[in-house]
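What follows is a short report on a single structure.
Since every read-out is calculated from the coordinates, none of them should be taken as a lab result. Keep in mind the model is a prediction, meaning the values are calculated, not measured. FYI the Cβ positions are ideal-geometry reconstructions off the backbone, even for glycines, and counts take in every protein chain you see.
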Amino acid sequence: MRALVLAIALAGCVDVPPFVCEQDEQCGEGGRCEEGGACSFVDESCHAHRRYGDAVEPDLAGRCLGDVSGAIVTLAAGSDRACAAGEDGRLWCWGDNTGGSLGRLDALATPTPAALGGLAGVADVDGGEYHTCAVSGGAVHCWGRGDDGQLGDGTLGDRAMPAPVPGLAGIVEVELGEQHSCARDDAGAVWCWGRNADDELGGGGVPDQSAPIPVEVPAADALAAGGQNGCVIAGAEVWCWGKNTNGQLGIGDDDKHNRPVLVPGLAGATQLAIGGEHVCARMGDGRVLCAGANSSGQLGDGTGVLSSTPVEVVGLAGVAEIVALDWTTCARDAAGAVLCWGINDYGQVGEPGEKRTAPGAPVPLPRPAVALAAGENHACAQTDDGCLWCWGNDEHGQLGGGRRDQADLLSPVLLSCWTE
């Protein structure tokens, strides 16, 4: 008896290390082994519907997965990550952290949203391959990989914390390609910086630029960037520049253009989306036109044949928004249905199956979508209840559901409902 009492007394004096799991089965009934080895359990009161157990690090014990942002007002994605800005101006990012592109130094990737420090009042955000930029107070702030000058601060180094791009003010929109960045101010002027091997800066064949240079376009109402291209909408006109190997500029040739060129076939466009090797436009009447590579069906015309002039996506009407993944395209209609087409090796169209050369069944979302974002091989939608849903590749945790694996990639994964 004395031995038992002594053992109990000693146990009370010893700090028991937190349990570290490797498989879901080790967490017990209903448990799931999260990244880092902590067990979580279903709890519908949490915004991600899961709560950590007690046998974890003290700062995690009993907490809901992820954190709470408040209502989301801006949603964007980079190659293997995504970001969302809350109505309070805080920015939340998840997925791949190569080069510090999530704005943190403590992880290579994070499969749940984490708030970004050092930046407030975010009004717009976009992600490139390994860098991220946001608009705050009319200035552009960038972080992540900078080896091509894409951070715009005059250096070629990586940086994990946001810092302003010198010389820019009154900025209302930022758009990123793979290794280049562009911004538009409130007067319609456009600047680009970063890699220029494919003339994606639109500055007339200059070398890579680590600081912004002006792009000579008419006063722009909207800006788009992606892959190695940039485009603007100026009144009823569309102007594009950069790589054109697959005719993605839509002007009938396959020559790259180091300055903006007018795209007559997209006159009247109201929104642009640029994928890896294709460009799409939402027209004023709700149709969608696309040009460029089509081997995966990303132009949506039912053929799978490249086109250097815009072709119409079949079976679409009343489109309210479009986004372009690398080799896939998605559209949201006025009723909130989301339809995707193109390559589907990671479930990019929202359900298992072969590639689609035209829109098929809608992505199985539980409620109407109000906003979309697209990375390289994943996409996200915000539904009208404020929840975020993501689908496609999850290798780097870019779906945000806490798994960082391929378990749920073929249908939308609930990320968060983002409510207090």
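Net charge within 10 Å of CYS290 by Cβ-Cβ distance, Lys/Arg positive one each and Asp/Glu negative one each, not counting CYS290 itself? Walk me through the intermediate numbers first.
Values: positive: none; negative: ASP301, GLU312.
Overall, the nearby charge balance is -2.
Just add up the charged neighbours of GLY318: K/R +1, D/E -1, any other residue whose Cβ is under 12 Å from the Cβ of GLY318. Don't jump to the answer; show the numbers that get you there.
Working: positive: ARG282, ARG287, ARG332; negative: ASP285, GLU321, ASP333.
Value of the local net charge: 0.
Ranked highest first by the average count of other Cβ atoms within 10 Å around their residues, in what order do 277-287, 262-272 fall?
277-287, 262-272
Could you work out the relative contact order of the range 172-241, using alpha carbon pairs under 8 angstrom and six or more residues apart, expressed as a whole percent?
Details: 173 pairs, mean separation 21.2, N = 70.
Rounded, it is 30 percent for the range 172-241.
If the viscosity is 0.890 mPa s and the temperature 25 °C, what translational diffusion coefficient in µm²/s does Stokes-Einstein give for the range 67-416 when Rh comes from Kirkwood over Cα pairs?
127 µm²/s
Return, for the Cα atoms of the range 210-267, the radius of gyration and Dmax in Å, separated by a comma.
Considering the range 210-267 through its Cα atoms, Rg and Dmax are 11.0, 33 Å.
According to a simple spin-label model (label point 7 Å from Cα along Cα-to-Cβ), what is the distance in nm between ASP106 and ARG259?
A separation of 5.1 nm, rounded to one decimal place.
Tell me the mean residue ellipticity at 222 nm calculated for the chain from its helices only (DSSP H runs of n ≥ 4, each -39500 (n - 2.57), averaged over every residue, nearest 500).
-1000 deg cm²/dmol
Return an integer: the convex hull volume of the alpha-carbon atoms of the range 68-124, in Å³ per residue.
Taking the convex hull of the Cα positions in the range 68-124, it is 75 Å³ per residue.
How large is ³J(HN,Hα), in whole Hz, for each residue of the range 157-167 in order, when computed from phi with the Karplus curve 6.51 cos²θ - 1.76 cosθ + 1.60 and θ = phi - 60°, using x for Gly and Pro?
x, 6, 8, 8, 10, x, 9, x, 8, x, x
Which whole number in µm²/s is D for the range 114-193 by Stokes-Einstein, with the Kirkwood Rh taken over Cα pairs at 10 °C and 1.306 mPa s?
So the translational diffusion coefficient is about 130 µm²/s.
Give the relative contact order (percent, whole number) for the chain; include only Cα pairs under 8 Å separated by 6+ residues.
It comes to 11 percent, rounded to a whole number.
Nearest 10 degrees is fine. How inclined is helix 2-13 to the longest principal axis of the chain, computing both from alpha carbons?
The two axes meet at around 30 degrees.
Take peptides 216-222, 166-172 and line them up by average Cβ neighbours within 10 Å, highest first, as a rough protection proxy.
Ranked by mean Cβ neighbours within 10 Å, highest first: 216-222, 166-172.
Taking other Cβ within 10 Å of each residue's Cβ, how do ILE213, ILE251 sort, fewest first?
Arranged by neighbour count, lowest to highest, ILE213, ILE251 become ILE213, ILE251.
Could you list the residues of the range 242-257 with an amide nitrogen less than 18 Å from a label point located 7 Å from the Cα of SER295 in the Cα-to-C-beta direction?
Only 243-249, 254-255 fall inside the zone, counting backbone N under 18 Å.
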